[in-house]
Amino acid sequence: MTPQLTDPAQARRNSGCLLLLLASCLVLPVGSDSAQAAEGGGSHYLPGAVGDIFLALPPEPGFQVANVSWFQTGSLGTTLLEGQVGLGLETDTFINMTSVSYTFEQPVLGGRYTVGMAIPFGYATLDGAITGPLGGRLPFSDSSFALSDIAFTPIQLNWSSGPWSFRFSETIIAPTGAYSTSDGDLVNLGRNYWSFDTVGVVTWFNPESGTEVSASAGIMINTENPATNYKTGNEFHLDATFNQFVAPDLAIGLRGYYYKQLTADSGAGATLGAFKSSSYGIGPGFVWIP
């Protein structure tokens, strides 16, 4: 029998208790065009980092603090690392992201207005080979433990009407993370360029059936990395979640994402060509709200 969550206000309060939220998500990438695209084979976009539940529900007025841990492991065939060609790369990345936000009680444009920032700190390892001056392969292994690029959200607006909630936000990701182009230092937690992410989110939640569906779509505009003269193409990203409450404090469901570069990589440093990449993934997830 499906548990009934008849108090939408309680659901909103629960969605704000992010420090007490234990969530698990396994997202499996099942498609990719060009792993070479985007400098270093990465992006400021982190699949799933938008959240696991109630993505667009308006937060309660006041301060909120959240902590998100994000891990990725994978491989890259060919990519550019600080102007050098990297081959057969194996990478592990762990990011711990602490965010602080404040929601104003006074409505703005009929919605809840929130400002915030997220500070990521992480650890990354990279193993592979780079091409030498005569075209030969030089194996290497490197790691980094440092600050990553800080994200500022000066504008976030949330609206709610019946079972529907909506969110619009603009996030600025600043090149504050550790970045070096010195010899032998090929792993950077910072990307050394600015990104501007415009995001729209919608949530449908039926408290009687305990069913929630959310989708978050965004377009990320990137500037050029001045150290390498490499400009990662502009990116589209979509995150989706489905949750079914099987108990008042436990939901199970699915997570998925889709990513695609809208414009090709460019700039004097894009010596491998005008790549564009796309990928998507889907997997199970659960949320426990104690």
Requested in this report: Among the strands (runs of 3 or more DSSP E) lying completely within the range 181-288, list those that include at least 1 residues that are open to solvent by less than 20 Å² (accessible area, probe 1.4 Å) and touching a Cys at 6+ places or on another chain (Cβ under 7 Å).
Outcome: 250-261, 278-288
Requested in this report: Among the residues of the range 138-166, write down those that are open to solvent by 40 Å² or more (accessible area, probe 1.4 Å) and not hydrophobic (A, V, I, L, M, F, W, C).
Outcome: Pro139, Ser141, Ser143, Pro154, Ser160, Ser161, Gly162, Pro163
Requested in this report: Hey, can you tell me all the residues within the range 194-207 that are modelled with pLDDT of 95 or more and over 16 Å from the mean Cα position of the chain (by Cα)?
Outcome: Val202, Thr203, Trp204, Phe205, Asn206
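Give the residue that is farthest from Tyr102 (Cα to Cα), with candidates limited to residues of the range 122-135 that are open to solvent by 40 Å² or more (accessible area, probe 1.4 Å) and modelled with pLDDT under 80. Explain how you work it out, then say what you get.
Residues of the range 122-135 that are open to solvent by 40 Å² or more (accessible area, probe 1.4 Å), as a first pass: 123, 127, 131, 133-135.
Then keep just the ones that are modelled with pLDDT under 80; that gives 127, 131, 133-135.
Numbers: Asp127: 41, Thr131: 48, Pro133: 52, Leu134: 55, Gly135: 53 Å.
Among residues in the range 122-135 that are open to solvent by 40 Å² or more (accessible area, probe 1.4 Å) and modelled with pLDDT under 80, the one farthest from Tyr102 (Cα to Cα) is Leu134.
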Requested in this report: Give the range 211-231 a look and list any residue that's modelled with pLDDT under 95 and either small (Gly, Ala, Ser) or touching an Asp or Glu at 6+ places or on another chain (Cβ under 7 Å) (or both), or say none.
Outcome: Asn225, Ala227, Thr228, Tyr230, Lys231
Report task. Take the range 40-96 and flag every residue that is of a type in the set (Phe, Trp, Tyr) and modelled with pLDDT of 90 or more. Result -> Tyr45, Phe54, Phe63, Phe94
Report summary line: Checked Gly190, Gly210, Gly233 against criteria (more than 19 Å from the chain's Cα centre (by Cα) and within 22 Å of Val50 (Cα to Cα)); the one match is Gly210
Query raised in the report: Within the range 180-228, how many residues are over 22 Å from Gln156 (Cβ atoms) and out of contact with any Lys or Arg (no Cβ under 9 Å at 6 or more places or on another chain)?
Result: 22
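The values are calculated or read from the model by the stated rules, or taken from the named source; none is laboratory data. Worth saying up front: this structure is predicted, and the values here are computed from it rather than measured. So basically every Cβ, Gly included, is an ideal-geometry build from the backbone, and we count neighbours across all protein chains shown. Please note that ligands, DNA and RNA were not included when accessible areas were found on the heavy atoms of the full protein model with its side chains. Shrake-Rupley method; radii C 1.70, N 1.55, O 1.52, S 1.80 Å.
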